Amino acid sequence: MPVARVYSPEPRFFDLGEDYGDAVRAAEFPQALLRFRNDRAAAEVGLETLTGPEWIDHFGRFAPLPGQPGPVAMRYHGHQFRTYNPDLGDGRGFLAAQMRDAGGRLVDLGTKGSGRTPWSRGADGRLTLKGGVREVLAAEMLQRLGVPTSRALSLIETGEALERGDEPSPTRSAVLVRLSHSHIRFGTFQRAAYLGRKDQLEILLEHARSLYHPHVAPGDAAGFLAEVVDASARLAARWIAAGFVHGVLNTDNLNVTGESFDYGPWRFLPHYEPGFTAAYFDQFGLYAFARQPEAVFWALTQLGGALKPIDDADALTSALNGFGPAYIRHLRAAFLERLGVLSLGEAADQRLLDAALALLREGGAALRWEPLFHDWFAGFASSARALSGPRAKLYQGETFDAFRFALFEHEPDRPERLEASRFARAEPEELLIDEVEAIWAAIDSGDDWAPFEAKIARIRAD
Ligand code: AMP
Ligand code: MG
């Protein structure tokens with residue numbers, strides 16, 4: 001069966017025309033083997049009814065979905081590791097479709113690995129299968145942990161042999177389709193500013209404002225920036241609470257809705273380690289775990305600079321100044337949510353945040369990031385379980401007492417959630433690098449997809 005009745009195409013970016021994107025064609029791949037089909041995400045946009053062959057046709061060969069004009073490679077610039085690069089743009093992906101989701105949001109189907117574009121800069125336009133597997137896993141885990149994230153909709157293996165300087169080669173190829181709440185990046189605005197195109201800045205502002213931040217008044221670039229600042233502060237806070245390191249926080253990898261996307265060299269923290277760095281090519285730790293809020297803020301200042309031709313500098317600066325307070329507010333909220341307790345006011349919530357971080361710091365390698373939240377979910381109600389579990393020995397001493405005190409002040413939020421099957425297990429679901437490598441090794445050496453599929457089922461399980 002083709003698309004479901006709720007499918008509602010609305011290809012708005014495509015209307016902007018050729019100053020913003022280039023019509024492209026997908027590569028012709030020798031094979032199309034379905035490796036991951038996300039029917040949960042598909043159901044949100046009315047695509048879960050596609051038959052197997054239709055799925056391959058749309059997401060492996062990129063036949064346009066009903067009401068969609070055909071692929072467009074988006075134009076953008078960006079700062080990469082703080083160096084401006086005017087030679088960016090979708091080099092191995094494109095915007096394949098836009099539609100409303102069940103919540104009424106405009107969402108994009110964007111690709112990765114779909115072939116060369118005018119922005120490929122001599123590279124092959126391809127995605128390694130391992131890269132695709134890693135993006136699927138990251139998005140599933142982040143969604144589970146309450147981080148606003150793009151979802152992987154489809155992963156199709158494409159039967160090519162890719163050469164990569166930083167991976168054992170040749171290596172297998174794939175094409176990924178992701179569902180994302182906008183691919184309009186900070187760098188999309190930076191490009192218009194760099195070209196001195198005030199008209200394009202105004203058009204982009206109106207496009208992004210009306211679609212993603214509609215309560216901001218038309219023409220109010222500073223008001224728009226304030227919304228992006230708040231959403232980005234929330235995202236940074238949620239990465240921290242999830243123990244996640246994105247790896248590449250360039251201005252082309254941050255979008256105007258504050259939804260996390262584009263997962264390359266990401267990692268989850270094994271344990272508290274502020275300097276933990278995901279990308280091997282990030283030699284100075286610019287995007288290390290605890291530097292992510294600062295990196296996001298720096299990127300926001302570049303967005304602010306790009307908007308200067310169309311709004312008052314003081315108003316833009318004041319919007320940027322909202323970042324610090326918003327970040328700490330969102331961080332408190334994220335920790336409360338992860339610990340499953342209700343807010344008790346700013347001072348008490350801050351005590352809990354500080355105490356949790358102190359305990360994680362002091363716990364070192366023995367206290368991994370994820371188990372703390374698992375052991376103490378819903379506070380007091382988990383006491384007996386935590387104190388008789390595998391980490392009982394770590395839960396003593398002054399730092400722990402302060403944490404326990406701060407936690408027990410807070411009332412549990414829907415403690416019936418402790419009945420979920422995962423709390424009957426001693427260990428939480430994690431996604432540390434060794435497990436990711438083991439999942440890939442099974443695929444690589446024996447084409448065994450069972451560990452990958454089982455992992456996704458466990459991440460999703462109650
Ligand atoms: P990323 O770091 O993945 O966000 O990519 C940065 C830029 O490099 C983007 O413009 C990508 O489209 C481009 N790029 C990355 N890998 C490739 C590739 N294999 N072929 C063409 N362009 C690529
Ligand atoms: Mg990118």
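Between the beta carbons of ASP15 and ASP166, assuming R0 = 41 Å, the FRET efficiency works out to 0.60 to the nearest 0.05. Centroid-to-centroid, using Cα positions, the range 300-326 and the range 339-353 are 30 Å apart.
Here the spin labels are modelled as points 7 Å beyond Cα on the Cα-Cβ line, and at LYS198 and SER210 they lie 2.1 nm apart. Using the Cα gyration tensor of the chain, with a ≥ b ≥ c the square roots of its eigenvalues, what is the shape: rounded (a/c below 1.5), prolate (a/b larger than b/c) or oblate (neither)? The shape class here is oblate. The label point for ARG82 and the one for ALA217, both projected 7 Å from the Cα toward the Cβ, are 3.7 nm apart. Axis angle, to the nearest 10 degrees, between helix 323-339 and the longest C-alpha principal axis of the chain: 60 degrees. Counting 0.36 nm for each residue step from GLU416 to ASP462 and taking away their Cα separation leaves a gain of 15.3 nm. Proximity of backbone amide H atoms, modeled 1.01 Å from N, is registered between THR149 and SER260 at under 5 Å, excluding neighbours fewer than 5 places apart on the same chain.
The range 127-143 and the range 68-125 have Cα centres spaced 17 Å apart. Electrostatic bookkeeping for LEU344 treats Lys and Arg as +1 and Asp and Glu as -1; over the other residues with beta carbon under 13 Å from its beta carbon, the sum is -3.
Using only the Cα atoms of the range 8-183, build the gyration tensor, take square roots of its eigenvalues as a ≥ b ≥ c, and label the shape rounded, prolate or oblate: rounded if a/c is under 1.5, else prolate if a/b is larger than b/c, else oblate. Rounded is the answer for the range 8-183, as its axis ratio a/c remains below 1.5.
For PRO2, the shell of other residues with beta-carbons less than 14 Å away shows a net charge of -2, using +1 for Lys and Arg and -1 for Asp and Glu. If the segment from LEU34 to GLN350 were pulled out straight at 0.36 nm per residue, it would be longer than the present Cα-Cα gap by 109.1 nm. Kindly express, to the nearest 10 degrees and within the range 0 to 90, the angle between helix 398-409's C-alpha long axis and the longest C-alpha principal axis of the chain. Orientation of helix 398-409: about 70 degrees from the principal axis.
Of interest is the spacing of the C-alpha centroids, which for the range 408-445 and the range 192-253 amounts to 32 Å. Taking the Cα atoms only, what angle lies between the long axis of helix 433-446 and the longest principal axis of the chain, rounded to 10 degrees? That works out to roughly 50 degrees. Remark: the range 158-169, residue by residue, has Karplus-estimated 3J(HN,Hα) of 10, x, 9, 10, 9, 9, 10, x, 10, 9, x, 10 Hz, where x stands for each Gly or Pro and the curve is 6.51 cos²θ - 1.76 cosθ + 1.60 at θ = phi - 60°. Rounded, prolate or oblate for the range 340-424? Axes are the square roots of the Cα gyration tensor eigenvalues, ordered a ≥ b ≥ c, and the cut-off for rounded is a/c under 1.5. The shape class here is oblate. Taking label points 7 Å from Cα along the Cα-to-Cβ direction, ALA450 and ALA4 give a separation of 3.1 nm.
Which whole-number percent gives the relative contact order of the chain, counting Cα pairs below 8 Å spaced six or more residues apart?
Averaging sequence separation for qualifying contacts and normalising by length gives 12 percent for the chain.
Rule-based calculations on the coordinates, nothing more; no lab input. What you see is a predicted model; the values in this text were computed from it and never measured. Because the Cβ atoms are built from the backbone with ideal geometry, glycine has one as well, and the counts that use them run over all protein chains shown.
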